[in-house]
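This report refers to the structure that appears directly beneath it.
Quick note: the coordinates plus some simple rules give every number you see, no bench work behind them. Only a predicted model underlies this, so the values are computations on that prediction, with no experimental measurement involved. Don't worry about glycine lacking a Cβ; one is built from the backbone with ideal geometry, like all the others, and counts go over all protein chains shown.
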Amino acid sequence: MSHLPPDVKPDKLFAGSCVSLIATAMTFAVLSSITNPLKEVFLLTNQQVGQITGAGLWGFPLSILIFGSLCSTLGMRFLLRLCYVFFIAGVCMMIFAKGFWMLFFGALTIAFANGLVEGACNPLVASLYPDRKVQKLNQFHVWFPGGIVIGGLACFLMGKYGFGNWQVQLAMILVPAAISAGIMMFEKFPPTERHSSGVSFGEMLTATFSRPLFWLMFVCMMLTASTELGPNRWMPAIMENAGLGTPGSGMLLLVWTSLLMALMRQFSGHAVDRLSPTGMLLSSAILSCMGLVWLSKADGMVPIFLADTVFAVGVCYFWPTMLGVVSERIPKGGEFALALMGVAGNIAVGAITIPMMGDIADVKGHSKFDVAQTTAIVQQINDQLPGLKKQGTLARDIELNGMIDKTVVLAQEVLAGAKSGSLPPKSTANVLRGVQQCAPDSEAAKAAKGILGPAELFGGRWSFFVVSGLAAVLTLVFGLLYASDRMKGGYKAEAIQD
């Protein structure tokens, strides 16, 4: 650590960075956990929920574009202080939301906080450990799946034992954010590696944009992030319908995925020594493709958990190793190159992959509804729900009456469409969701769940299968990179020349 100023405490800064990433990861777990409650409470479609949870990712590149390239100018400590403000504002906005748009902008604000964590901590770790970038970035990113394990287990236990609603789950995000602030708020931070080596801002931009390797990795980052984060974001909601057992078992599957990823990343040094970074990426692409294809077809607890294990081992090294390779192969790109890699991954996942998977789930799931059976259930809903409206001025009664009115309007729309022999897309599923929220113990709700669950599962599995095609493309690209390294005598990191 002789390259660092004497008053910099690398172990403390690394620990604080890890806790910050736990807060980021908990947002991922919580947003995944509350997918179904949001659909039921606000009567949202899968696509709308995909837009909300997707905003939790593509807001990241907005904060990176504004602040990431100015990391050396503004300072890493300033960026982290700002992220704590965004965490508080975003969580509060979602907790007190009245509809889709407040949920959307709350998730977007939280994403700004997450982007600031990545934008500050990735160059911080690279600057603290310039000779072990791939290994230390992997060990730093242990706490993304590690944070999902923490948040996922907490959400599962809350759901199982009934202590805490979706608002309480959101509030949990503020706990690691506060701990990180306590660790890092007043610490001395080192300059970035790029800045301390005398590379100017202009040279950083030139080194990034002029390298064909960067553009190849930029595109690959879109695909690797989509392969990892898209399925993970939808995993609890989709697999909850796969007959895994008790409610919340879909979240346990996400926790299992994250635990495996954390363990694998912790021992990334062995993988670097045995496979090389490009060899790690190639192996990851092959295994993630196999895991997704298997998940799209697996039935029952054991096959699903086995398929998920293959998927988890496959995707575990994608994100940090992509950052490490860019930092080692294009060192003059500095924090700007790392920021743009994060931009690529999060734009692809948040703005394209997650909403696309939701839309695929809506379309394919709708195809599984039998017109006659579904029409009969919707008619029952239309006839019975108005009689359940409450008389009174209590807030919970007003909210229930509002949900009943929305569900009945949708039911009438579905019945009108059914007269022509077809069910209107999206509205049909929302009617079935609405009755489960308004009258969960009714016979209509039980019948609705019986046809909605298999449809949701079928649509979700189709979305997994589509994403497996991205992993197949990555297998080809990383195979060529690995072969090129072997022909040149092996993988070699570059150093900034004075």
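Taking only C-alpha pairs under 8 Å that are 6+ residues apart, what is the relative contact order of the chain in percent?
23 percent
Could you derive backbone 3J(HN,Hα) for the stretch 474-487 from the dihedral phi with the Karplus parameters 6.51, -1.76 and 1.60 (θ = phi - 60°), listing whole Hz in sequence and x where the residue is Gly or Pro?
Coupling constants for the stretch 474-487: 4, 4, 5, 5, 5, x, 5, 5, 5, 4, 4, 4, 4, 5 Hz.
Sorted by mean Cβ packing within 10 Å, highest first, what order do the peptides 444-457, 202-215, 152-165 take?
Result, highest mean Cβ count within 10 Å first: 444-457, 152-165, 202-215.
Apply the Karplus parameterisation 6.51 cos²θ - 1.76 cosθ + 1.60, with θ equal to phi minus 60°, to every residue of the stretch 12-19 and state each ³J(HN,Hα) to the nearest whole Hz, in sequence, with x for glycine and proline.
5, 5, 5, 5, x, 4, 5, 5
So what is the diffusion coefficient of the stretch 150-210 in µm² per second by Stokes-Einstein at 4 °C and 1.567 mPa s, using a Kirkwood Rh over Cα pairs?
83 µm²/s
Classify the chain: rounded, prolate or oblate, from the alpha-carbon gyration tensor (a ≥ b ≥ c, eigenvalue square roots; a/c under 1.5 rounded; otherwise prolate if a/b is larger than b/c)?
Since a/c reaches 1.5 and a/b is larger than b/c, the shape of the chain is classed as prolate.
Can you work out ³J(HN,Hα) from phi for every residue in the stretch 215-231, in order, using Karplus 6.51 cos²θ - 1.76 cosθ + 1.60 and θ = phi - 60°, giving whole Hz and x for Gly and Pro?
5, 5, 5, 4, 5, 5, 5, 4, 6, 5, 5, 5, 5, 7, 7, x, x
For the stretch 61-209, what does the equivalent ellipsoid look like in terms of its semi-axes, each the square root of 5 times an eigenvalue of the Cα gyration tensor, given largest first in whole Å?
32, 18, 13
For the stretch 398-446, take N as its residue count and report Rg(C-alpha) divided by 2.2 N^0.38 Å.
For the stretch 398-446, the normalised Cα radius of gyration is 1.14.
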